[in-house]
1. Calculate one ³J(HN,Hα) per residue across the range 387-399 by plugging θ = phi - 60° into the Karplus curve 6.51 cos²θ - 1.76 cosθ + 1.60, and present them in order as whole Hz with x for glycine and proline.
2. Helix 336-348 sits at what angle to the longest principal axis of the chain, using alpha carbons and giving 0 to 90 degrees rounded to 10?
3. Compute the relative contact order of the chain as a whole-number percentage, counting only Cα pairs closer than 8 Å that sit 6 or more residues apart in sequence.
4. 222 nm [θ] for the chain, helices only, -39500 (n - 2.57) per DSSP H run of 4+, per residue, to 500?
5. Under 1.5 on a/c is rounded, so check that first for the range 498-592, then, if it is not, pick prolate when a/b is larger than b/c and oblate when it is not; a ≥ b ≥ c are the square roots of the alpha carbon gyration tensor eigenvalues.
6. Multiply the residue gap between LEU181 and GLU18 by 0.36 nm, knock off their C-alpha separation, and tell me the result in nm, one decimal place.
7. Among DSSP beta bridges whose residues both lie in the chain, state the antiparallel percentage, nearest 5.
8. Could you check what % of the DSSP bridge pairs in the range 354-500 are antiparallel, to the nearest 5?
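Rule-based calculations on the coordinates, nothing more; no lab input. Every value quoted in this text rests on a predicted model; they were computed, and no experiment measured them. We place every Cβ from the backbone using ideal geometry, glycine too, and count neighbours over all the protein chains shown.
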Amino acid sequence: MLKTHYCGDLRKDHIGQEVTLGGWVHRRRDHGGLIFMDLRDRRGIVQMVIHPDDAPDAHKTAGDVRSEFVLSVVGEVAARKEGTENPDMPTGDIELRVRHLEVLNESKTPPFPINEESDVEELLRLRYRYLDLRREGMQRNLRIRDQATAYIRSFFRERDFTEIETPMLTNSTPEGARDYLVPARVQPGTFYALPQSPQQYKQLLMVAGVERYFQIARCARDEDLRADRQPDFTQLDVEMSFATEEDILELFEELFSNLVREVRPDLSFVSPFPRLTYEESMRRFGTDKPDLRYGMELFDINDVAASSEFGVFRNAVTSGGSVEGICVPGGAEFSRKQIDSLTTFVQGIGAKGLVSIALLGQPGSLDEEGIRSPVAKYLAVDLVETAAQRSDAKQGDLLLLVAGEGGKPKLEPGSSHRVRPALDGLRREVASRLQLADPNVLHYAFITEFPLVEWDDEEERWDALHHLFVAPMEEDLHFLDTDPSRVRSRAYDMICNGMELGSGSVRIHKRDLQERVLRLLGISDEEAKERFGHILEAFEYGAPPHAGFAPGIDRIVAQLAGETDIREVIAFPKSKSGADPMTGAPSRVSDEQLSVLGITVVEQPE
Ligand code: ASP
């Protein structure tokens, strides 16, 4: 047997037993006579001692052993000498007295240390991912992921959901991203698309009478990459017939609460999960994915700004824009330099500037002395009092205001769409500088009542905010033809700590309504028939009402693992440029392969 026990499992109970271990050399210390080595396997590390007199052959071999060699060792588990126990190691009470040692395979010196959690350049980590994954932190993340998906499966199975696989090679699905296309050899000139999500299949499964479906589904979207995005990713895909918003939100609240208890009982979450409408979330936080672990909510002073002597404020409001801000607790202490860097920051995300007002005096009885601001001379005390009152500011706080002029209305009248994203960014930035977000809290929440569509300035048409199968709210249907921007949808998102975890919705299940929405989105009847004929037709054969949801597994697991980048919880992720430095994907293919597919590559000029 190459192995009778795992290194990391050995304890005092094993003292006196002879064991055979297999693993990698984690660390080696040659003390002249004695050689100490730590041997590592998937369960942990154990210290081995090799004595030149007790095991001369093993000692001789051990002299040439280096880090990451693979060994098989036989020896006796013994208590460590008194005073040399290591309470930081689970195996720290014992050591292995080696009798026999065999090198099963040698290793080159690894390109980065495996035995410490040092910062290593990402491309190097990805190039040698199999070594990177040997490191303790990555082993932990792989297990957290496994625990989470295993729990998710058991959760849905217990509730009588059926796990069903859907095709990888399919037709383009409209999730709003570009498709990855796969040429179909047997019908030259035609292409499959990789699924952006199994959206249409899961709806068709509802028509098929499955009623409760789930899948841990692989999806692919050709989008610009970010820390929370990968070209191919995994989502927990769920669909339920005869379900309302309430059924889905309750189900997922239970799932996520249990998931934290199961996988990270040391973390806390806020229960019940808050629910905010889209409108409320935008108004209070400037975003539909706010981090709720801290305050600094947005407030507006449009009424008083409209008559302000300060032209920047007045013009913003009179042109249909707005003046909104946040209050930074204790921020009056910020230096000029700190404020300047916040100004540069908001300018970088679309704001024209930033007005700072330090409250040196007591709000409620402010005078000119009590206000410090680069534009103090234009600001009436009353305006500052109003701002302080609306933000519940205290003496010593700092008001940060952004003014935005009116522009082309996007989702709503006024140009809050410029001010609010800037304040959302500012709020996150300040929170990160002041470390206001508790890293041990998962603040889940649901956002509801999204607008059904948003105006696309460039394409000059309405786009679905989620996707085109989302049902409009019954009571807003009459706006569908008159003022589509006012139609709220039955979509909902789940968010956590400022990140979107997933979306879902009650779906359209009738052909005529689906056709109306497709028309609104500028999809001609002909195109609708060609692209969505199958689902429109299916709706005519007794499609039940249904609703679903699809949170991203990579994001869920990253948060459970305390990571900010989803690549840390994906075994083989792509780099920031979408490449896999280990396998070399994406890569060129031979002319022969191309010619079979009838494809010619047109070289792009540099
Ligand atoms: N298919 C949607 C998505 O991937 C989620 C859903 O509506 O179920 O975003």
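1. Couplings: 4, 5, 5, 5, 9, 6, 6, 10, 4, x, 8, 10, 8 Hz.
2. 80
3. 13
4. -8500 deg cm²/dmol
5. oblate
6. 53.0 nm
7. 90
8. Beta bridges within the range 354-500, antiparallel portion: roughly 100 percent.
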